[in-house]
Amino acid sequence: MCAILFFLYVITYRVVFRTFSGDALYYAINALFIADIFLNFVTRVKIGHNRYDTPRDIRSRYLSGWFAIDCLAAFPFELILGSVFAEIPSDGAAFAVYVVFQSLTLIKLLKVGRIFQELQEAIDILPALKRLIQFGYGLAAALHIIVMGWILIGASESARAPFDQYLRGLYWAVTTVSTIGYGDYGPNHDSNAQIAYTIIVELFGVGMFSYVIANVSSLVTNLDVARSNYQRRLEEVNSYMHTQKIPSDMQARVRDYYSYLWERQRGVDSSNVLKDIPQGLSQEILLFLNRDVLSRVSIFKDADEIFLRESVRLMKPQVFQPEEFIIREGEFADCMYFLASGEVRVLVGEKEVARLGPGSPFGETALIDNSLRNASIISDAYSTGYRLEKDDFNELRAKYPDFDRRVEAIARARRN
């Protein structure tokens, strides 16, 4: 993409100012375009959900697609033009022919959109950031082409050096496209061509300005979609708490909870993301995310893959706040928990009898005995874990005898 933009600047600048020469720079970029052709015959491509992996598919797709355009862009027209014209024509039809043939190399610009699309597929880049870069790239190319057209129709100060003409032409293009138009540079009022060209550029500028107003602010806002959604959600929660006159200490705890979620998960709810993904793929993702936790939980150690896949599908992620009662002594048992991070205290009455760390299961004894909770569990600080509902717990016990035996062994040890 950089080579294409650079070629656009160099070729058009040299041709318009009649300073073109087939030097090392020209042939180096041509060589890059030729190398691109060969690489396209061996590069795997993914467009949307379609993958082109085999050599036959890659060749077939390329030959029926961009091969002709790439060949045209890489062809050294300077060799032919050099044999036809001893020097660059000064004006008239011969110069127009010369410009057209040299400009054929710039057909590579048509490929930029596809390159942006493949970049989105190949690297981790936010769609909003991609659109912003694409807009900047297009604007840079458009402004240069406008300047070259301005010089070609004779609107520049021809007595000045080429770079001076270009710089003043760029100044006119920017002020015109941005709808500022100071009027210090403008078309010759006696030249219909210059007036018509200015009208076209002004219309382009109005469209460009409208696009900027309509899109760039939202593009910048959406560069961090997660943060935007998090702030919007926090505003809704704050508004609700204010309307309902929630006590200030509770409001602070709610805000702390959302702050913790942002620090740990960047405000993204994994359950909402995974619910739209096919079950098999979502199970693989959950297993990848939770394998470290499962490896620390005694009842999951050495368990087979099928059991682990079903277990992670049934477990619901939880976040526990400091001093939160996860389980209260004497309440009905409807689930069990697995602690992923942090530490919890086990209380019988007012007495602390144990502390549990990451990987510890708790709450299973009351489920097995079908009884009330015999202890309270309180989170020390912010902790994370997983909740397994009673029906899902009983289903796993019924389907997997090894799991049932391990749970029974842990429950017996805790009763003693």
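Just so it is clear, none of the values below were taken in a lab; they were calculated from the coordinates. None of the values given here were measured: they were computed from a predicted structure. In this analysis, Cβ positions are derived from the backbone assuming ideal geometry, glycine residues included, and neighbour counts consider all displayed protein chains.
So, by mean Cβ neighbours within 10 angstrom, what's the order for 336-343, 205-212 with the highest one leading?
336-343, 205-212
Give the Cα extents of the chain along the principal axes, in whole Å, largest first.
The Cα atoms of the chain stretch 102, 58, 29 Å along the principal axes, largest first.
Binning every alpha carbon pair distance of region 61-194 at 5 Å from zero, what are the percents per bin?
P(r) for region 61-194, in whole percents per bin: 2, 8, 13, 14, 15, 16, 14, 10, 6, 2, 0.
Provide the FRET efficiency to the nearest 0.05 for the TYR182-SER228 pair, computing r from the beta carbons and using R0 = 30 Å.
My answer for the efficiency is 0.25.
Would you calculate, for the chain, the mean residue ellipticity at 222 nm contributed by helices, counting each DSSP H stretch of 4 or more residues as -39,500 (n - 2.57) and dividing by all residues, to the nearest 500?
-19000 deg cm²/dmol, from helical runs alone.
log10 I(q)/I(0), Debye, Cα-only region 3-63, no solvent, q = 0.22, 0.24, 0.26 Å⁻¹?
-0.84, -0.91, -1.00
For region 1-124, take the alpha-carbon Rg, divide it by the Kirkwood Rh, and send me Rg/Rh.
Ratio value, two decimals: 1.05.
To the nearest Å, what is the center-to-center distance of region 301-319 and region 335-355, using C-alpha atoms only?
21 Å
Measure nothing fancy, just the Cα-based angle from helix 390-399's long axis to the longest principal axis of the chain, in degrees from 0 to 90, nearest 10.
Helix 390-399 sits at roughly 90 degrees to that axis.
Would you mind listing how long region 321-414 runs along its three principal axes, going by Cα atoms, in whole Å with the largest first?
If we take the Cα atoms of region 321-414, the spans are 36, 25, 22 Å.
Hey, fewest Cβ within 10 Å first, where do CYS335, CYS71 land in order?
The order, fewest Cβ neighbours first, is CYS71, CYS335.
Helix 127-152 versus the longest principal axis of the chain: what angle, 0 to 90°, nearest 10, using Cα atoms?
Compared with the principal axis, the helix lies near 10 degrees.
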